[in-house]
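As structure tokens, the structure follows; a few thoughts come after it.
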Amino acid sequence: MRLITAIIKPFKLDDVKAALEQFGIKGMTVSEASGYGRQRGHTEVYRGAEYQVDLVPKVRLEVLAEEDDAEDVIDVIVKAAHTGKIGDGKVWSVPVDTVVRVRTGERGPEAL
Amino acid sequence: MKIDSGTTAWMLAATALVLLMTPGLAFFYGGMTRAKSVLNMMMMSFGAIITVTIAWVLFGHSLAFTDNPSSAINNVVGGFDALGLQSLVETATKTDGTGMPSLVFSAFQLTFAIITVALISGAIADRAKFGAWIVFSVLWATIVYFPIAHWVWGTGWLNTMGIEDFAGGTVVHINAGAAGLALCLVLGKRVGWRKEPMRPHNLPFVLLGAGLLWFGWFGFNAGSELAVDGTAGLAFMNTQIATAVAAGAWLVVEKLRDGHATSLGVASGAVAGLVAITPACGFVDPWAAMLIGLLAGVLCAYAVGLKYKLGFDDSLDVVGVHLVGGVIGAVSLGFLAAYPFLDQQSKGLFYGGGFGQLGLQVLGPVAVGGYSFVITWVLGKIIDRTMGFRISAEDERTGIDVTAHAETGYDLGTVYASGVTSPNGPTAPAAKKVDA
């Protein structure tokens, strides 16, 4: 099994969610995140004093998927989150040892 | 003189308007600080309301607005005829010659003393011990504000010489601006100043505060006529004109200089315009009010950058807005005063007045600003050496709200909130189990 983490633009969350649901992903975790990549952040001005704000708001989306589906899920996210402009985000996946459904105690693929 | 119910009613309303300016200032300043020190910033304004009111009743009114039996000392400070306001109560049914009871005049003047002290607090945001601020506010009002009010509005030396200050550009704003400069020099810079961002944490608060100040300022300026007449109307209208023009001018400067017209800019420009028109509002024509507003908006927008150039941490720009704005207003009077009831030599240079009045309009800011700066600096040093004026660097890092007041302004994080134990014990009482 794999954990797929995506950092995307906040306004793209709905598109990505819809695309993942259509693909058959049943659950996900979404959290607010902030960070920067190559483009850095933005500038704010207060009474003429300029502040460089490095960290820009992002959404962090986490999905557990079976090994065989992982590449497809990544493709779905990338396609749905793509705008072509700077700051679109990143997607990565890591292997997962164990998954347990808290309610039933099921393990592995049944727990997804 | 018989009590004039119209004048008395208006002055009671104007007094309430001016008092509202101090909570307004608390929002204006509070929004500009960081979230960890918003409460302390607002508490300094409310603290000034408490201390100055008490000092005013006990001896403030007396020192500012009664005459000293010795004429030499009377040039500098008033006497003791109204200690505890007792003599005013005894004549409560009589007027002071303006058609309102003396106590109403006293209440009106009290609100000016309060906001002048509160204005200073903007220079020392985030880092002053609250107890030290309370002590400072009483001593400063006593040694600086009450005498200066006597100089300019009582029977002191500047008034005798003929200086004009309609509603307090010199007494309130130059006075507070110079004191703010002195006090931020005594306390030193905030930890991390110029290295860490110290952005305003709540700009809607700043706009709310600026709006309350603007609203209350009509009582401040039009009320200073102490009557319901044409001059009050002129002061009211000029206040509106200069404020709107200054707010617009500040925005234009920002757009040209920084590329963006900001909400902090519109609030700051409005306050700069209000400050600058204050000494002049009852003496100048509407076109002159526009000119004063324009000067205030442009010059104050540039003046707030002084602290970065000169390296003093006047946290919320008391100097750039109040000292500079006050000087613009006081000096421009020397050129622009046109009021028909001013005698000829008191009019501005452009209206046939002489250089004498212009000289006085420069002397006022120099004398008041100089006195205020020196005495505040000495007073600040004495408090710093004895009880300490500044909180520890660690407390400043943590945030003065929680370290000085045991409160936080906001409780927004759900994780943090769930870590707070209730006062009734570590957990809420368990609900009785009900079998279905």
Original post:
For the stretch B:1-77 and the stretch B:362-404, what is the separation of their Cα centres, given in Å?
Top reply: 20
Original post:
So how tilted is helix A:13-23 from the main axis of chain A? Cα-based, degrees 0 to 90, rounded to 10.
Top reply: 20
**OP:** For the stretch B:57-133, just say rounded, prolate or oblate: build the C-alpha gyration tensor, square-root its eigenvalues into a ≥ b ≥ c, call rounded for a/c under 1.5, and beyond that prolate if a/b exceeds b/c, oblate if not.
**Re:** prolate
Original post:
So who's got an amide H within less than 5 Å of the one on residue A:35, skipping anything under 5 residues away but keeping other chains? H placed 1.01 Å off N, in plane.
Top reply: A:56, A:58
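Per-residue mean of other chain beta-carbon atoms within 10 angstrom of the beta-carbon, peptide A:38-46?
Working: counts 0, 0, 0, 0, 0, 3, 5, 9, 13.
Across A:38-46, the average partner-chain Cβ count within 10 Å equals 3.
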Original post:
In terms of the Cα gyration tensor, with a ≥ b ≥ c the square roots of its eigenvalues, is the stretch A:1-105 rounded because a/c is under 1.5, prolate because a/b exceeds b/c, or oblate?
Top reply: prolate
**OP:** Kindly point out which whole DSSP H helices in chain B project their C-alpha atoms 20 angstrom or further along the helix axis while averaging a Kyte-Doolittle hydropathy of 1.6 or above.
**Re:** B:38-55, B:102-120, B:263-277, B:286-303
Subject >> Relative contact order %, chain B, counting alpha carbon pairs below 8 Å whose residues are six or more apart >> reply: 22
**OP:** Can you grab the distance from the C-alpha centre of the stretch B:289-315 to the C-alpha centre of the stretch A:1-59, Å, no decimals?
**Re:** 39
**OP:** Would you calculate the separation in nanometres between label points at residue B:155 and residue B:421, each defined as 7 Å from the Cα along the Cα-to-beta-carbon direction?
**Re:** 6.5
Original post:
Can you list the HN-Hα couplings for the stretch A:44-57, worked out from phi with the Karplus curve (6.51, -1.76, 1.60; θ = phi - 60°), rounded to whole Hz and with x for Gly and Pro?
Top reply: 10, 10, 10, 6, x, 8, 8, 10, 8, 9, 6, 7, 10, x
Subject >> Amide H within-cut-off set for residue A:46, under 5 Å, with H built and near neighbours excluded >> reply: A:51
Original post:
When we measure straight from the Cα of residue A:9, which aspartates and glutamates land under 19 angstrom away, once same-chain ones fewer than 8 places off are left out?
Top reply: A:21, A:32, A:54, A:62, A:75, A:88
**OP:** For the stretch A:60-77, take each phi angle, set θ = phi - 60°, evaluate the Karplus expression 6.51 cos²θ - 1.76 cosθ + 1.60, and give the result in whole Hz per residue in order, putting x for glycine and proline.
**Re:** 10, 10, 10, 9, 9, 9, 6, 3, 5, 7, 3, 4, 5, 4, 4, 4, 4, 5
Original post:
Given H placed on each backbone N at 1.01 Å, which residues far from residue B:284 in sequence or on other chains put an amide H within less than 5 Å of it?
Top reply: B:338
Original post:
With the Cα gyration tensor of the stretch B:1-105 giving a ≥ b ≥ c as the square roots of its eigenvalues, does the rule (a/c under 1.5 for rounded; else a/b larger than b/c for prolate; else oblate) give rounded, prolate or oblate?
Top reply: oblate
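Here, each number is a calculation from the coordinates, and none is a lab measurement. Since we're looking at a predicted model, the values are computed, not measured. Because the Cβ atoms are built from the backbone with ideal geometry, glycine has one as well, and the counts that use them run over all protein chains shown.
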